């Protein structure tokens, strides 16, 4: 996450294209599914003269693989930014297409940013390194929350 000063406010970059392993894996899946669609394109071209049912079947498979490849590459190159100005907050999502949602400050109330709490070690935790990142994080309740009990 990076914070930049813009002339109209602050621009916070939440995520960028290819910034973590799952996005790189999605790019690999894009290449894989695009390559898997090529044999169906060839079968689609040869099935045009054979039967209409084969034609529709191979067309559907080719389209399904291309849609899956599109979704994988869109996830891989997706980035999210948050633009905070004195009068609004804008969430910008960019992938193959770019969308932005602007929220006026007059309609926003009770907005708070909560940092992640400092995690304490569990008493039964071993000293092994968590290579895959599956270690659980501890939950906490905000003291002002109605769910908080002493």
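When 92, 142, 108 are checked against the criterion of being at pLDDT below 65, closer than 30 Å to residue 11 by Cβ and either surrounded by 10 or more Cβ atoms within 10 Å (Cβ to Cβ) or touching a helix residue (DSSP H, G or I) at 6+ places or on another chain (Cβ under 7 Å) (or both), a single residue qualifies: 142. For the range 3-10, check the following and say yes or no: at least one residue is at pLDDT below 90, under 30 Å from residue 106 (Cβ atoms), surrounded by 14 or more Cβ atoms within 10 Å (Cβ to Cβ) and within 28 Å of the chain's Cα centre (by Cα). Yes, because at least one residue in the range 3-10 is at pLDDT below 90, under 30 Å from residue 106 (Cβ atoms), surrounded by 14 or more Cβ atoms within 10 Å (Cβ to Cβ) and within 28 Å of the chain's Cα centre (by Cα).
Every condition in (1) in contact with a helix residue (DSSP H, G or I) (Cβ under 6 Å, 6 or more places away or on another chain); (2) closer than 30 Å to residue 102 by Cα holds for residue 13 except the one numbered (1).
When the residues of the range 58-82 are filtered to those that are surrounded by 17 or more Cβ atoms within 10 Å (Cβ to Cβ) and more than 18 Å from the chain's Cα centre (by Cα), the one that is farthest from residue 9 (Cα to Cα) is 58. Taking the range 19-57 as the range and being surrounded by 15 or more Cβ atoms within 10 Å (Cβ to Cβ) and within 30 Å of residue 85 (Cα to Cα) as the test, only 23 passes.
The values are calculated or read from the model by the stated rules, or taken from the named source; none is laboratory data. As the structure is a prediction and not an experimental result, all values here were calculated from the model. Neighbour counts are summed over all protein chains in view; Cβ atoms, including those assigned to glycine, are modelled from backbone coordinates with ideal geometry.
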